[in-house]
Amino acid sequence: MAEEKDVPIKEQDDGSVLAKVEAPEGFDDDEEGKQQAGDSGSDDGDGGDNDDHGDEAGDDGDDDERERIREARREERRLKKDLAKQRENSARNKISALERRNEELARRLAAVESTASSYQFAQIDKAIEDEATRVEYAKMKMMQAAQAGDAASQVEYLEQLTEAKQRLIDLSAGSEIRFANEWIEGELGLPVCPCLSPDLYSAYQAYCRKNGESRPRTAVQFFSQLTHHGFEKKKARVYESPTSAQTSVKNLLFPPQANIDRFGNGKEDAETPAKWLTRTCRRFTEALVDSQNRSERMAA
């Protein structure tokens, strides 16, 4: 049982009482502990401030990271632009190189064509010279035969003279006349019959390409020359197709009638003019297409 102690008291005038109490042992130590605990709490508060400083440092680190990302993206965009420029420059250089190559090939082709044309013209000149020599030779021999009274020799050399003159005329003629003469003689593989004028001009252009004629006549010049040599260019009605009942007006070219009849391409008795012309035009067109296809296959 705890020891009881007397506590001295003193009554005040206002009736209150003052008592003197002695503090138990260890009481001051408890107070000091509480004070230290409070100080420690204050220190913890300071630690919170330190945490705030740590957060600020973390934010600075995030900003640096974001700046590095932005810089990397800027660098990526710059590299893409540089790559696009390099590709554009490369494409432009390739196009320029191809253009230069095409120009060089065009020059070479022109030189080859010029050489071929020159060779072709040289051949023609040589052939004309040879035929002119034959004409003069036939004239001389015919005169000698006349002086000798040799009628048979005169006839022989007259025939030679006539043939040599005709060949000389043919060689001296333009490409359109040579084409027309070969056509009506059946030497081109095309039927000798009335045909569409555009088809005949296409055949003439193919003839010029095949024979190295670098400057074919225009369509106006071509048909103008042919009409002066017994050909006729006029409008006529033809059917749109062999089974069609409708006719339309087309531009046609008619060779001399004698040549048409010689190759059996005249109008039959039972045919109307439109049916006859439709038949001959279709036949010529088909032959022209076949000829062009054969030329393409040979070129390939």
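A few points about this structure:
- The one condition in (1) among the basic types (Lys, Arg); (2) buried (at least 18 other Cβ atoms within 10 Å of the Cβ); (3) touching a strand residue (DSSP E or B) at 6+ places or on another chain (Cβ under 9 Å) that LYS235 fails to fulfil: (2)
- Qualifying residue in region 199-210 (condition: farther than 15 Å from TRP183 by Cα and modelled with pLDDT under 95): yes
- Failed criterion for LYS85 (all others in (1) surrounded by 12 or more Cβ atoms within 10 Å (Cβ to Cβ); (2) at pLDDT 75 or above; (3) of a type outside the set (Asp, Glu) hold): (1)
- All positions within region 182-196 that are of a type outside the set (Gly, Ala, Ser), more than 11 Å from PRO255 (Cβ to Cβ) and either assigned to a helix (DSSP H, G or I) or out of contact with any Leu (no Cβ under 7 Å at 6 or more places or on another chain) (or both): GLU182, GLU187, LEU188
- Scanning region 243-290 for residues that are farther than 23 Å from THR227 by Cα and touching a Gly at 6+ places or on another chain (Cβ under 6 Å) yields a count of 0.
- Region 197-241, residues that are over 18 Å from PHE284 (Cα atoms) and part of a loop (DSSP other than H, G, I, E, B): ASN211, GLY212, GLU213, SER214, ARG215, PRO216, ARG217, THR218, HIS228, HIS229, GLY230
- Residue selected from region 202-220 under the condition of a type in the set (Ser, Thr, Tyr) and within 17 Å of GLU187 (Cα to Cα), by the criterion nearest to the chain's Cα centre (by Cα): SER202
Rundown of residues vs (1) touching a Lys or Arg at 6+ places or on another chain (Cβ under 6 Å); (2) among the polar types (S, T, N, Q); (3) exposed (fewer than 13 other Cβ atoms within 10 Å of the Cβ); (4) at pLDDT 90 or above, yes/no style:
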position	(1), (2), (3), (4)
CYS193	no, no, no, yes
GLU213	no, no, no, no
THR218	no, yes, yes, yes
PHE222	no, no, no, yes
PHE231	no, no, no, yes
THR243	no, yes, yes, no
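- Residue within region 271-286 that is of a type outside the set (A, V, I, L, M, F, W, C), surrounded by fewer than 15 Cβ atoms within 10 Å (Cβ to Cβ) and in a helix (DSSP H, G or I) present: yes
- Whichever residue in region 157-175 is among the small types (Gly, Ala, Ser) and at pLDDT 75 or above and, among such residues, is farthest from the chain's Cα centre (by Cα): ALA164
The values are calculated or read from the model by the stated rules, or taken from the named source; none is laboratory data. Remember, predicted model here, so these are calculated numbers, not experimental data. Glycine gets a Cβ as well: all are built from the backbone with ideal geometry, and neighbour counts include every protein chain shown.
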